[in-house]
C-alpha cells in the first residue's frame, strides 16, 4: 500500500517531482557561482559547490531509487538531507546572530564578498530569509523522502515473502 504525500500523489511520484525540482534549483547556484563576473573567494565557491553537489547527488539517487524500486538507495539520500538540515540550521543560527551582532561571522562574510560596509544589515536579513526558506523546504522534503524509503522497503519485503512462498 503506497502512502500519499501532501500533494495527494504517491510518495514515489512526489519524491521524483521534488527531486527534479531540487536538482534544477541546485544547478542554478553552481552555474552562477562560477561566472567570471562574480568576485568571490575560492573557498566560498568550494563550500557552496560541495553543498549543492550533495543536493544534486541526493536528488539523483532518489530518482534512481524510485525508478528501480531500491530502498537501499534512499539511505544515502536521507543521510545527505539530514546533514544538509544540520548545515543549513547552523547557518540560519549564524544569520540570526548576525542580525544582532554586526561583527559576527555572517556580516563579516558579506563584507568580504561585497567589499564594502554599505547595507550589511539588509544583506544579512536577506541571507537569513533565504536560509529560513531553505530549511523549511528541507523539512518539507525530508518526510516525503522518508515515506518513499518506507514504501520501497515494504514493497521489497513483500516481494521477498512472495518469492519464498512460491518457491517453498
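The values are calculated or read from the model by the stated rules, or taken from the named source; none is laboratory data. As the structure is a computational prediction, the values presented were derived from the model and not from experiment. Don't worry about glycine lacking a Cβ; one is built from the backbone with ideal geometry, like all the others, and counts go over all protein chains shown.
Side notes on the structure shown:
- For the stretch 22-31, the criterion of a residue being modelled with pLDDT under 80 and part of a helix (DSSP H, G or I) is satisfied by no position.
- Restricting attention to the stretch 32-52 and to residues that are in contact with a helix residue (DSSP H, G or I) (Cβ under 9 Å, 6 or more places away or on another chain) and loosely packed, with under 13 Cβ neighbours inside 10 Å, the residue that is modelled with the highest pLDDT turns out to be 34.
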